[in-house]
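Note sheet for the following structure.
The values are calculated or read from the model by the stated rules, or taken from the named source; none is laboratory data. What you are looking at is a predicted structure, and each value in this text was computed from that prediction instead of being measured. Note: ideal-geometry Cβ built from the backbone for every residue, glycine included; neighbour counts use all protein chains shown. Please note that ligands, DNA and RNA were not included when accessible areas were found on the heavy atoms of the full protein model with its side chains. Shrake-Rupley method; radii C 1.70, N 1.55, O 1.52, S 1.80 Å.
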Amino acid sequence: MTAVLAIENTTVDDTSSAVKRPFALARHSLALAWRNLVKTMRNPEQLLDVTLQPIIFTAMFGFLLGGALAGDIAAYLQTLVPALAVMLTLFASIQSGVNFSTDLKTGLFDRFRSMPIGRSVPLIGAVVGDAIRYVVTLVVLLGFSSILGFRIETDPLRALAGCLLAIGMGFALSWVFLLLGAVMKEPGSVQGIAFIVIFPLTFGTNMLTPVETMPGWLQAWMHVNPAVHAMDAARGLMVGGPVAGPATLTLLWTAGIIAVFAPLAVAAYRRRT
């Protein structure tokens, strides 16, 4: 918060020249990210969804499908939990667009526009500040699933890499929802459209059942679904299996989504403000 106040107290001339420096954009973005983080920590109810969803989905899928598909819940969790790590971070990214739309509607970004900072700074600050949501959901997921019997079969560094891939995919998708937040007039509309996007992306995968058991058209969708590659990479890094191919495709998808939707979100934000 102190950093944000420092930005507000900076003169136009001083900051205008600073914005031209390579580090200025990052510095201002981190200041607004810190604002979002402080705002979230002062309102912990904003983390209820990312706290409860890992518990609900793990218990529901584990107990409903574990016995039928793997013989027991512990064995099923070995394939389910890495995929859930990806699914839950993608779900958490929805809130970036909803919060962004809410701030636009309340006029907060009009105040940011009057400040001598880069036009993309509020958007970058929003997505970086929401990283706490990804961390919380993964910590709860891994903690609760370990109680039920899940075990990392590789090593902590590879497991951390799997979590980072999931966070990267969530960060990339948050730009899609920021674009929706800039285009849609109501936060409720952003959330409604976001769920239409997120459900086929996360449930149209091999998260719950093997690909071989599905019809051909659904298998074709999975070959081009970035969430499937992220889930496969997370499984390989957490419990063993192929890593190089899925991880490479995940990184390419992540970079591609950001390259396409970040400029579109910034352009839509400029038109809106």
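Please identify, among T154, T106, T254, the residue showing maximal mean-square fluctuation in a Gaussian network model of the chain using a 10 angstrom Cα cutoff.
T106
Quick one: putting +1 on the C-beta of Lys and Arg, -1 on the C-beta of Asp and Glu, what dipole do you get for the chain around its Cα centre, in Debye to the nearest 20?
860
Counting only protein chains, not ligands or nucleic acids, how are E212, E45 ordered by accessible area (probe 1.4 Å), most first?
If we order E212, E45 from most to least accessible, we get E212, E45.
What order do V38, V243 take when sorted by accessible area (1.4 Å probe), most exposed first?
Highest to lowest solvent-accessible surface, that is V243, V38.
Would you work out which of I94, S189, S29 lies farthest towards the positive end of the dipole of the stretch 26-271, given +1 charges on the beta-carbon of Lys and Arg and -1 on that of Asp and Glu, about the Cα centre?
It is S29, whose Cα lies furthest towards the positive end.
Mind telling me which of M222, M60, M87 comes out most flexible in a GNM of the chain, alpha-carbon contacts under 10 Å?
Its mean-square fluctuation being the largest, the pick is M60.
Per the helix-only calculation at 222 nm, which mean residue ellipticity applies to the chain, given -39500 (n - 2.57) for every DSSP H run of n ≥ 4 and division by its residues, nearest 500 deg cm²/dmol?
So the calculated ellipticity at 222 nm is -27000 deg cm²/dmol.
Do you know the relative contact order of the chain, to the nearest whole percent, from alpha carbon pairs under 8 angstrom that are 6+ apart?
26
Which one of V176, V139, V81 has the biggest mean-square fluctuation once the chain is modelled by GNM with Cα springs under 10 Å?
V139
Taking 35 Å as R0, compute the FRET efficiency from the Cβ-Cβ separation of K39 and L252 and round it to 0.05.
0.55
Could you pull out every whole DSSP H run in the chain that spans at least 24 Å of Cα extent along its own axis and averages 1.0 or higher on the Kyte-Doolittle scale?
Membrane-span-like by this criterion, though nothing is claimed about a membrane: 48-70, 73-92, 131-148, 156-183.
Going toward the positive end of the dipole of the chain, with +1 on Lys and Arg Cβ and -1 on Asp and Glu Cβ, which of P200, G240, L69 do you reach last?
P200
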